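J.: I have a structure here, written as structure tokens, and I will follow up with some questions on it.
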Amino acid sequence: MEGATPESLRLFKAHVLDRDALAAAVAGCEGVFHVASPVPAEKVADPEDWYSAAKTMAEQAALEYGEKNGLIVVTVCPCVVLGPLLQPVVNTTSELLIYIMKGGPSLMKNVPWNIVDVRDVADALLLVYEKVDSCERYICAPDRITTKDMVNLLKKAYPNYNYVDCDGKDYESAISRVTSEKLTSLGWKPRKMEETLCDSVECFKKAGLLQDVEGCPCRLPHLFHFASDK
């Protein structure tokens, strides 16, 4: 990592269910950021898909534990996280954008997407750590765009890709709106969505992720099948 030194960064191999390993990793720390949440690559056995429910239940459990043990637990809830990749493995939300650009076999619904840059998520986490001194919950979702509008926006800058087909229907709902006003009131200043999308694409191009590979068809991640015709 750029700027990292042995004095500023120590790496630990640990599992969230291994309490001893976690205790060693956080010993002497004033704050702990838990940001990992694995997404199964294959179709889950339960069609109800417990991934989303598990996120909510884990948040509730953390808040309850904090209340019982006198810990300040602050949750930051991001939406579809995009932006340049730091790790060698492609995360699920980046796979969504790659699918939209490469044009997979499934027709996509013109659903609205709330998008946030991964760098802005990092800024938000640090901001609440530094400024919040009570248990709070923050929505981290500054931008909203439909599938069709995202395709049209990307085509202007990157016209030479297949892009996914979109049904063009209106799936907007008055009750589905979210706001990041609480976070911006702390001084959070997220990037423009256009910058996030373009920086993502440039990263994907550099890594060769937008090239077609024989025998490896582009597939929409199972987590986002609600947005396709299958």
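J.: Quick one: which helices (runs of 4 or more DSSP H) lie wholly within the range 119-220 and hold at least 3 residues that are closer than 22 Å to MET101 by Cβ and touching a residue at least 40 places away in the same chain (Cβ under 8 Å)?
T.: 147-157, 193-207
Matching residues to (1) under 24 Å from PRO78 (Cα atoms); (2) within 16 Å of the chain's Cα centre (by Cα); (3) crowded, with 19+ Cβ neighbours inside 10 Å:
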| residue | (1), (2), (3) |
| --- | --- |
| VAL118 | yes, yes, yes |
| THR146 | yes, no, yes |
| ASP165 | no, no, no |
| THR179 | yes, no, no |
| PRO190 | yes, yes, yes |
| ASP212 | no, no, no |
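J.: Could you check how many residues of the range 13-44 are more than 26 Å from VAL128 (Cα to Cα) and modelled with pLDDT under 70?
T.: Count: 5.
J.: Regarding ASN114, is this residue in contact (Cβ under 8 Å) with a residue 40 or more places away in the chain and within 16 Å of the chain's Cα centre (by Cα)?
T.: In short, yes.
J.: Can you pull out the residues in the range 2-21 that are closer than 20 Å to LEU125 by Cα and of a type outside the set (Ser, Thr, Tyr)?
T.: If the condition is that a residue be closer than 20 Å to LEU125 by Cα and of a type outside the set (Ser, Thr, Tyr), then GLU2, GLY3, ALA4, LEU9, ARG10, LEU11, VAL16 are the ones that fit.
J.: Only residues in the range 22-33 that are without any contact (Cβ under 8 Å) to a residue 24 or more places away in the chain count as the first member; pair them with residues that are in a helix (DSSP H, G or I) and surrounded by 11 or more Cβ atoms within 10 Å (Cβ to Cβ), Cβ under 7 angstrom, at least 6 apart or cross-chain, and list the lot.
T.: These pairs meet every condition: VAL32/VAL26.
Yes or no, residue by residue, for (1) among the aliphatic types (A, V, I, L, M); (2) closer than 15 Å to THR196 by Cα; (3) modelled with pLDDT of 95 or more; (4) under 21 Å from the mean Cα position of the chain (by Cα):
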site	(1), (2), (3), (4)
ASP46	no, no, no, no
TRP50	no, no, no, yes
ALA54	yes, no, no, yes
GLU59	no, no, no, yes
GLU67	no, no, no, no
VAL80	yes, yes, yes, yes
PRO84	no, yes, yes, yes
LYS102	no, no, no, yes
LEU107	yes, no, no, no
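J.: LEU153 is checked against (1) of a type outside the set (Phe, Trp, Tyr); (2) in contact with a strand residue (DSSP E or B) (Cβ under 6 Å, 6 or more places away or on another chain); (3) surrounded by 15 or more Cβ atoms within 10 Å (Cβ to Cβ) and fails just one. What number does that condition carry?
T.: Checking LEU153 against (1) of a type outside the set (Phe, Trp, Tyr); (2) in contact with a strand residue (DSSP E or B) (Cβ under 6 Å, 6 or more places away or on another chain); (3) surrounded by 15 or more Cβ atoms within 10 Å (Cβ to Cβ), the one that fails is (2).
J.: Could you list all residues from the range 120-144 that are among the basic types (Lys, Arg) and over 29 Å from GLU64 (Cα atoms)?
T.: So the first thing to find is which residues in the range 120-144 are among the basic types (Lys, Arg), and the list is 131, 137, 144.
Within the range 120-144, just ARG144 meets the criteria.
J.: Tell me which residues, restricted to the range 86-95, are under 24 Å from PRO190 (Cβ atoms) and either of a type outside the set (A, V, I, L, M) or at pLDDT 95 or above (or both).
T.: GLN87, ASN91, THR92, THR93, SER94, GLU95, listed by residue number.
The values are calculated or read from the model by the stated rules, or taken from the named source; none is laboratory data. These figures come from a predicted structure and were not determined experimentally. Positions of Cβ are generated from backbone atoms using ideal geometry, with glycine treated the same way; all protein chains shown enter the neighbour counts.
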